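The values are calculated or read from the model by the stated rules, or taken from the named source; none is laboratory data. Here the structure is a predicted model, which is why all the values come from computation and not from measurement. Note that each Cβ is placed from the backbone with ideal geometry, even for glycine, and that neighbours are counted across all protein chains shown. We work out accessible area using only protein heavy atoms, side chains counted, and drop any ligands, DNA or RNA first. Shrake-Rupley method; radii C 1.70, N 1.55, O 1.52, S 1.80 Å.
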Amino acid sequence: MTLTIPFDNSFAGLPNTFYSAQNPTPVSAPYMIAFNESLAQLLRVEPGDLADMAQIFSGNAVPDGADPLAQLYAGHQFGNYNPQLGDGRAVLLGETVGTDGIRRDIQLKGSGPTPYSRMGDGRAWLGPVLREYVISEAMHALGIPTTRALAAVGTGDTVYRDTGAMPGAVLTRVAQSHLRVGSFQVFAHRGQIAPLTQLTNYAIARHYPEADGPMGLLEAVCDAQAALIPAWMSVGFIHGVMNTDNCTISGETIDYGPCAFMDNFDQGRVFSSIDAQGRYAYGNQPGIAVWNMAQFATALLQQMDNKEAALEQATAIVHAMPDRIEAHWLTRFGQKIGLVDAKTDDRALIDDLLALMQKDGADFTNTFAALGTDTARDQFVDRDGFDAWEKDWMARLQSEPDAQKTMARCNPQVIPRNHRIEDMISHAVAGDYEPLERLNKALKTPYTSTDPDLHSAPTTQQIVPATFCGT
């Protein structure tokens, strides 16, 4: 094999209480679809010829230094606790330490069944693989903490789903780790305090070495999540399935299943086909993040000797989170309207704009991108209403000499719109990867994109009303 990966594994050195050793299951005829050269350089991965790369990134060959395993975790799914989940279709090959000094996991997703597959086939079809590849890399380019995509490989095998026979694929996903809130819940729920403590110490050493014990870890993760959710909201992103097993300790966005970016602004917008109650709607995401952190606190508390004192400390940390989220939200949205350092009094100005956008169904991305231009009012039906808001806004900007630069830096021109993703997948299933390449190229520079066709909101006929879990 000419491809080399400089593995430096730590999680595999923990007891197998935390995982099951598991090799990927081979596939019939792997072929490379996409490879992220800049990420490979960051990881110190040296590419080989395409045939060798396809063998490794499909799971047909285990590279030297890898310690393949499937991680154990549990989680609350739509508010209901599931006592055992785990990597049902993913295998962690190992870890690398990048040129930036950061340790990251390299994981194959869609690589076959594991002990946690729960009767599933452990596979993925091409659509969800390419969806996650494009959206995760778009999130990275937008400056939002996220897992990333190193490679997408076709398997040459057929995957059967409710919609019929689909071409199989494997995604190589990269993360600062795949530890989730559910990684801790499984041991807390079982009353297994020794592994819970060991995992806590491992997470602190890996992610937050300055954290002081379990409550220090809770505070650090709450801080990371409090910054992450407003970052999502500032680009109109809806995760769609904010279960505790999809909530990372690192503060990265993970699991791009029924996610989407809003077109028309709506606080209640839901894309997930299975979220009938709107639990994970756009505007509910801050509250769900706090709820998830409360579950994390509950798990961490089980290892504490003085539970009464720890409960008081944990409660204060979690109860402080809404204000932290609000502060990040105000900063993000203030910058979107040109305010370098928005104040509490500016909240009303931002809310008034969002209320106009919701009332008129204004496109989220294009409205913010157009602010300060002659075309901004064209996004609205109630143009008199926008004109009145704009007058107040212009008065506020008198003290913001760099407003245009601030907005240009914070308002993307292009996002991975749902209809573009679906079109890209349809072409890829037919063997045409040009739309995939075009999307990836444009999304690398979202704030300065020069592909105006990709800026357009969908027509009525192009709207994709719902997305589905990437099974």
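Scanning segment 421-446 for residues that are open to solvent by less than 60 Å² (accessible area, probe 1.4 Å) and in contact (Cβ under 8 Å) with a residue 12 or more places away in the chain gives Ile421, Met424, Ile425, Ala428, Tyr433, Pro435, Leu436, Leu439, Asn440, Ala442, Leu443, Pro446. Where helices (runs of 4 or more DSSP H) fall entirely within segment 373-471, those with at least 3 residues that are under 30 Å from Asp345 (Cα atoms) and basic (Lys, Arg) are at 383-396. Any idea which of Gln398, Gln404 is touching a residue at least 12 places away in the same chain (Cβ under 8 Å) and open to solvent by 30 Å² or more (accessible area, probe 1.4 Å)? Sole residue among the options that is touching a residue at least 12 places away in the same chain (Cβ under 8 Å) and open to solvent by 30 Å² or more (accessible area, probe 1.4 Å): Gln404. Whenever a residue of segment 273-302 is open to solvent by 50 Å² or more (accessible area, probe 1.4 Å), its partners that are modelled with pLDDT of 95 or more, lying with C-beta atoms within less than 6 angstrom and at least six residues away or across chains, give the pairs Gln302/Ala188.
Identification of helices (runs of 4 or more DSSP H) wholly contained in segment 158-259 with 3 or more residues that are among the basic types (Lys, Arg) yields no element. Out of (1) part of a helix (DSSP H, G or I); (2) of a type outside the set (A, V, I, L, M, F, W, C); (3) in contact (Cβ under 8 Å) with a residue 24 or more places away in the chain; (4) open to solvent by 30 Å² or more (accessible area, probe 1.4 Å), what's the single condition that is false for Gln267? It fails just one condition, (1). Please determine whether any residue of segment 342-349 is surrounded by 20 or more Cβ atoms within 10 Å (Cβ to Cβ), among the basic types (Lys, Arg) and either in contact with a strand residue (DSSP E or B) (Cβ under 9 Å, 6 or more places away or on another chain) or modelled with pLDDT of 95 or more (or both). Taking every residue of segment 342-349 in turn, none turns out to be surrounded by 20 or more Cβ atoms within 10 Å (Cβ to Cβ), among the basic types (Lys, Arg) and either in contact with a strand residue (DSSP E or B) (Cβ under 9 Å, 6 or more places away or on another chain) or modelled with pLDDT of 95 or more (or both).
The lone criterion from (1) of a type outside the set (Lys, Arg); (2) over 20 Å from the mean Cα position of the chain (by Cα); (3) open to solvent by 10 Å² or more (accessible area, probe 1.4 Å) left unmet by Val153 is number (3). Checking each residue of segment 308-323 against the condition of being touching a residue at least 24 places away in the same chain (Cβ under 8 Å), within 28 Å of Asn243 (Cβ to Cβ), open to solvent by 10 Å² or more (accessible area, probe 1.4 Å) and not in a helix (DSSP H, G or I) gives at least one match.
All conditions in (1) in contact with a Gly (Cβ under 7 Å, 6 or more places away or on another chain); (2) hydrophobic (A, V, I, L, M, F, W, C); (3) open to solvent by 60 Å² or more (accessible area, probe 1.4 Å) hold for Met119, with the sole exception of (1). Considering Thr147, Thr163, Thr158, Thr172, the condition of being surrounded by fewer than 24 Cβ atoms within 10 Å (Cβ to Cβ), in contact with a strand residue (DSSP E or B) (Cβ under 6 Å, 6 or more places away or on another chain) and of a type in the set (S, T, N, Q) is satisfied by Thr158 alone.
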